[in-house]
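The structure under discussion appears below in the form of structure tokens.
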Amino acid sequence: LTDEQLIRIRSQFGGLQHHHEGRPLVYLDNAATTQKPSVVIDAITHHWRQHNANVHRGSHLLSRIATSAFEAARETVASYIGSQSAEQLVWTRGTTEAINLVASGLTDRLNAGDEILLATTEHHANIVPWQLLAERTGASIQVIPCDKHGQLDMTMFHQLLSDKTKLLAIGHASNALGAVHPIKHMITAAKALGAITLVDGAQGAAHLPVDVVDLDCDFYAFSAHKMFGPTGIGALYGKVEALASLPPWQGGGEMIEHVSFAGTRFQPPPFRFEAGTPNIEGAIGFAAAIEFINKLPEGWRTHEQQLRRRAYHGLSKLPGICLYGPSEETNDVVSLVSFTHDSVHSKDIGALLDQQNIAVRVGHHCAMPLMDSLGIHGTVRASFTVYNTLDEVDRFVAAIAQIIQEQTDEAEPVMVDSAVP
Ligand code: PMP
């Protein structure tokens, strides 16, 4: 991206203008949540100011306008991931709720002896719902190992996959290491043995082109807030027959066709899974975020890769740094770096960066089993997105270099509270 393009993009993000004690914010926690562009904020406030009403049930003009904005949002989000129809997209609170919805719906389909196949790299959102399902059904969980680069052991994957595998639930990309998994290959192999397939797309949808028809997955779950949209809204894509095979999971208004005390008939998907008044403004904000992404200049994904490569390269030159995740050259990675230092604790690095108004995330990144398998408690993660600049990456790497120098200089040990001049 050119400097002008970046300036134009950044000018849309009020959150990036933040300063603290004269230091401009360097926001490198985008894998946790991104900042929001004004088009998203405006879409939400416009909805509230101009056509706030409940959806799907009003016999008045405002409700009709709100309903059509809400359903148009469904079309926009569905088509972003290549869904053939908007009816295949269920609104949820986010990836976590989307996965829980599927796990709940599979309760009657799994039995003792069945297996659920996951990867070591999974986020807790793609582990815990399956553990609960396994407890309910007597099924067991099998885990594909990975190395420190986040590469899955594909030999083990093929060994673990069998006709006992009822479900493959796999992250599109690891939020802790950045590795993009070979999901298409894995879905094809799992489907050949009759398994249901679900992709945790929380990181994938935010950075990679997604085509659910080409992937041929049964389900794809993702969150708006990691791709410039609001929190509290996300979506579950499902194949027509996959959604139709799931029973309702929450009951209430909106999801029914007819209710009587003798029994209730439910709506077809997606409404069957959307009990109660939905997050109307969230859906509208999500669609505005997708439109923002659709209008980004060509080359924005290459820019993200350049940011990552520059950070990885810079960090790899520093003493005592251990980098996790894919190597510098690869493009099979979402734009983040994850590392530890052999003598400075990740938490101290995070606190010292914070003193310079550089925002990163430290810890286990909701991937404790992955951290266990790497033999560590956590990492420092800097995660980039389109609005970050090479200059910010350089500031970040320089800050890390300074922290290492100060913290490892035995003659002049520097306390965390006074490390930054
Ligand atoms: N999966 C992955 C890979 C994630 O990065 C996240 C968010 N950190 C989630 C699932 C959960 O997403 P949410 O909190 O939006 O439901």
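The values are calculated or read from the model by the stated rules, or taken from the named source; none is laboratory data. From a predicted model like this one, the values you see are computed outputs, not experimental measurements. Ideal geometry is used to build each Cβ from the backbone, glycine not excepted, and the neighbour counts take in all protein chains shown. SASA here: full protein model, heavy atoms, side chains in, ligands and nucleic acids out. Shrake-Rupley method; radii C 1.70, N 1.55, O 1.52, S 1.80 Å.
Summary table below
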{"read-out": "Conditions (1) closer than 17 Å to residue 216 by Cβ; (2) surrounded by fewer than 22 Cβ atoms within 10 Å (Cβ to Cβ); number of the one not met by residue 151", "value": "(1)"}
{"read-out": "From the options 233, 256, residue that is touching a residue at least 24 places away in the same chain (Cβ under 8 Å), open to solvent by less than 70 Å² (accessible area, probe 1.4 Å) and of a type in the set (Val, Ile, Thr)", "value": "233"}
{"read-out": "One residue from 73, 112, 103, 66 being out of contact with any Phe, Trp or Tyr (no Cβ under 7 Å at 6 or more places or on another chain) and open to solvent by less than 30 Å² (accessible area, probe 1.4 Å)", "value": "66"}
{"read-out": "Spans of helices (runs of 4 or more DSSP H) in the range 341-416 with at least 2 residues free of Cβ contacts under 8 Å to residues at least 40 places away in the same chain", "value": "346-355, 390-408"}
{"read-out": "The range 1-24: number of residues that are among the aliphatic types (A, V, I, L, M) and farther than 25 Å from residue 205 by Cβ", "value": "1"}
{"read-out": "Qualifying residue in the range 293-300 (condition: among the β-branched types (Val, Ile, Thr) and either open to solvent by 20 Å² or more (accessible area, probe 1.4 Å) or at positive phi (or both))", "value": "no"}
{"read-out": "Residue check, residue 150 over 14 Å from the mean Cα position of the chain (by Cα), under 25 Å from residue 329 (Cα atoms), modelled with pLDDT of 95 or more and within 16 Å of the ligand (Cβ to nearest atom)", "value": "yes"}
{"read-out": "Flag if residue 59 is small (Gly, Ala, Ser) and not in a helix (DSSP H, G or I)", "value": "yes"}
{"read-out": "Within the range 175-201, tally of residues that are open to solvent by less than 10 Å² (accessible area, probe 1.4 Å), farther than 23 Å from residue 140 by Cβ and either small (Gly, Ala, Ser) or more than 16 Å from the ligand (Cβ to nearest atom) (or both)", "value": "4"}
{"read-out": "Residue in the range 22-31 that is exposed (fewer than 14 other Cβ atoms within 10 Å of the Cβ) and in a helix (DSSP H, G or I) present", "value": "no"}
{"read-out": "Failed item in (1) aliphatic (A, V, I, L, M); (2) more than 16 Å from the ligand (Cβ to nearest atom); (3) open to solvent by less than 10 Å² (accessible area, probe 1.4 Å), with residue 244 passing the rest", "value": "(3)"}
{"read-out": "Odd one out for residue 100 among (1) within 16 Å of the ligand (Cβ to nearest atom); (2) farther than 22 Å from residue 32 by Cα", "value": "(2)"}
{"read-out": "Tally, over the range 148-174, of residues that are in contact with a strand residue (DSSP E or B) (Cβ under 9 Å, 6 or more places away or on another chain) and over 15 Å from residue 114 (Cα atoms)", "value": "14"}
{"read-out": "Segments classed as strands (runs of 3 or more DSSP E), wholly inside the range 205-324, with at least 2 members that are under 25 Å from residue 80 (Cα atoms)", "value": "219-223, 234-238"}
{"read-out": "Matching residues, the range 208-233, being at positive phi and more than 12 Å from the ligand (Cβ to nearest atom)", "value": "216, 228"}
{"read-out": "Residue 51 vs. criteria open to solvent by 60 Å² or more (accessible area, probe 1.4 Å) and either over 27 Å from the mean Cα position of the chain (by Cα) or within 16 Å of the ligand (Cβ to nearest atom) (or both)", "value": "no"}
{"read-out": "Residue within the range 119-136 that is under 24 Å from residue 211 (Cα atoms), within 15 Å of the ligand (Cβ to nearest atom) and free of Cβ contacts under 8 Å to residues at least 60 places away in the same chain present", "value": "no"}
{"read-out": "Matching residues in the range 275-286 - criterion: being in contact with a Gly (Cβ under 9 Å, 6 or more places away or on another chain), touching a residue at least 60 places away in the same chain (Cβ under 8 Å) and either among the charged types (D, E, K, R) or open to solvent by 10 Å² or more (accessible area, probe 1.4 Å) (or both)", "value": "277, 279"}
{"read-out": "Qualifying residue in the range 59-80 (condition: within 16 Å of the ligand (Cβ to nearest atom), without any contact (Cβ under 8 Å) to a residue 12 or more places away in the chain and over 17 Å from the mean Cα position of the chain (by Cα))", "value": "no"}
